[in-house]
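K.L.:
Submitted below is the structure of interest, expressed as structure tokens.
The values are calculated or read from the model by the stated rules, or taken from the named source; none is laboratory data. Just so you know, these numbers come straight off a predicted model, no measurement behind them. As a convention, Cβ positions derive from the backbone with ideal geometry for all residues, glycine included, and neighbour counts pool all protein chains shown. Each accessible area value is taken on the protein alone, full model and side chains, heavy atoms only, with ligands, DNA and RNA left out. Shrake-Rupley method; radii C 1.70, N 1.55, O 1.52, S 1.80 Å.
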Amino acid sequence: MTALTVPTMSLVLLVGTSGSGKSTFAAQHFGRFETLSSDFFRGLVSNDEDDQAATPAAFEALKHVAAQRLRAGLLTVVDATNVQAEARRDFVQLAREHDVLPVAIVLDVPESVCIARNAARTGRDFGPEVIRRQQGQLRRGLKALGKEGFRRVHVLHGEDEIAAATIVREP
Ligand code: GTP
Ligand code: MG
């Protein structure tokens, strides 16, 4: 068991390539309304969770809801790949604006596992090249996260560490 400490007043970013298990992890460890998923918001604004053209509108809506939740003092989790520094920067900024701590939980799963999992999914037709690009971005991100302003960075390597993780909320 590995206890990942998360301040109650925080904005938690899940970070990981497609297929790394972010949505699965979020469903296991966080409440129904605590997790804001980019897929779900794509669905809300376009009727299609997989419509990548809906991504800008989806994130605009997601950030708006995140801001409302943080204002209400509610822990909030962002379920998106968050492998790009620019994407993370907006959320670090949002956390600061609401006086909560930005926290990153990284799911670092081998490329081959993510590719195999996505191949088995319906509705996720990302080819291996998409996962490879995201893995490259993740590798660069792993070195940068601390300097980006995250107050806690939890990195889980592989399926066993992810399965053994528990979340401990700190007042
Ligand atoms: P995107 O939404 O595409 O970014 O992916 P994601 O990171 O949210 O991954 P998701 O949680 O949807 O998991 C992808 C697939 O892997 C699903 O079919 C899950 O059932 C499976 N999966 C997730 N976590 C695990 C795990 O720990 N073990 C195994 N065997 N499968 C898992
Ligand atoms: Mg997901």
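K.L.:
Could you please put R151, R69, R32, R117 in sequence from largest to smallest accessible area, using a 1.4 Å probe?
P.N.:
R32, R151, R117, R69
K.L.:
Where is the GNM fluctuation largest for the chain (alpha-carbon springs, 10 angstrom cutoff): T55, T24, T81?
P.N.:
Ranking T55, T24, T81 by mean-square fluctuation puts T24 first.
K.L.:
Arrange the residues V168, V77 by how much accessible surface each exposes, largest first, with a 1.4 angstrom probe.
P.N.:
V168, V77
K.L.:
Also: At a Förster radius of 30 Å, what calculated FRET efficiency corresponds to the Cβ-Cβ distance of L74 and S46, to the nearest 0.05?
P.N.:
0.70
K.L.:
Okay, moving on. Can you give the accessible area of D160, probe radius 1.4 Å, in Å² rounded to 10?
P.N.:
It works out to around 130 Å².
K.L.:
Further, regarding this structure: Accessible area per residue, 1.4 Å probe, Å², for the range 23-171: what's the number? Walk me through the intermediate numbers first.
P.N.:
Working: 8130 Å² over 149 residues.
Per-residue value: 55 Å².
K.L.:
Please work out whether the range 1-124 counts as rounded, prolate or oblate from its C-alpha gyration tensor, where a ≥ b ≥ c are the square roots of the eigenvalues and a/c under 1.5 means rounded, while otherwise a/b larger than b/c means prolate and anything else oblate?
P.N.:
Oblate is the answer for the range 1-124, as a/c is 1.5 or above yet b/c matches or exceeds a/b.
K.L.:
Could you check how much of the accessible area of the chain is carbon and sulfur, as a whole percent, using a 1.4 Å probe?
P.N.:
Within the chain, the accessible surface is 52 percent carbon and sulfur.
K.L.:
Please report how far the C-alpha centroid of the range 29-67 lies from that of the range 83-104, rounded to the nearest whole angstrom.
P.N.:
16
K.L.:
Per residue of the chain, what 222 nm ellipticity follows from adding -39500 (n - 2.57) for every DSSP H run with n ≥ 4, rounded to the nearest 500?
P.N.:
It lands at -14500 deg cm²/dmol.
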